[in-house]
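Working notes, beginning with the structure itself.
Rule-based calculations on the coordinates, nothing more; no lab input. If you're wondering where the values come from, they're calculated on a predicted model, not measured in any experiment. Please note: Cβ atoms are built from the backbone with ideal geometry, for glycine as well, and neighbour counts cover all protein chains shown.
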Amino acid sequence: MTSSKKQSHSSKNNLPINNKYRPEIIKILEDNLSKIVNVRDATFKEDTKQATDMKIEIQGTDIAVRQRETNDYTFGNVCDGTSGNPDVTIRSKANGYTTEFDKIKKGYGDYYLYAWTKMKDWILYDIDKLRTNNLLNKSNLNEFDNQDGTKFIIISIIKLHYIDAIIDCSQSVNNFLNANAR
């Protein structure tokens, strides 16, 4: 796929990581289906007019995935105070290309599975909560320069916790939140 300045860059750069951890990604998502899928009884009208007894409603369908290949910290170190605060980063400038931040602001993506340390530490969060809590307003964010022509924004997982965006997380992330989000 060729890229132009107007269209989004190819996701080829993300594919090897996502494919490498595909079994872990699928397991996490399957384990959390009950949190984004609602099964309910049909209404009287649905039952009597539409031959429907049960309804399955999916709350959003598009899931972004990022495996952050970093050794900057692990949640074990964060919990014992030997490392910095965990966060999610979202690219906000990429040499004229459409970024993940741009796509999310436009309304794409319902959920984000964000992982660190080879899928050991992860969170699944609701992107709409970022939108409705105005966390994607650049005037409220600090943009950091990667020194390569790209920039990114940082959102603390504690902030995600405070706006009730986290659907689920690994045990180590949960331990961190229990110790630090009050």
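Taking the number of Cβ atoms within 10 Å of each Cβ as an exposure proxy, the fewest-first ranking of 88, 39 is 39, 88.
Within the straight-line cut-off of under 21 Å between alpha carbons, the lysines reachable from residue 55 are 35, 45, sequence neighbours fewer than 8 places apart in one chain being disregarded.
When 144, 44, 176 are arranged by Cβ crowding within 10 Å, least crowded first, meaning fewest neighbours, the order is 44, 144, 176.
Lysine pairs in the stretch 91-182 whose alpha-carbon atoms fall under 16 angstrom of each other, counting only those eight or more residues apart or on distinct chains, come to 17. The fewest-to-most ranking of 166, 26 by surrounding Cβ atoms within 10 Å reads 26, 166.
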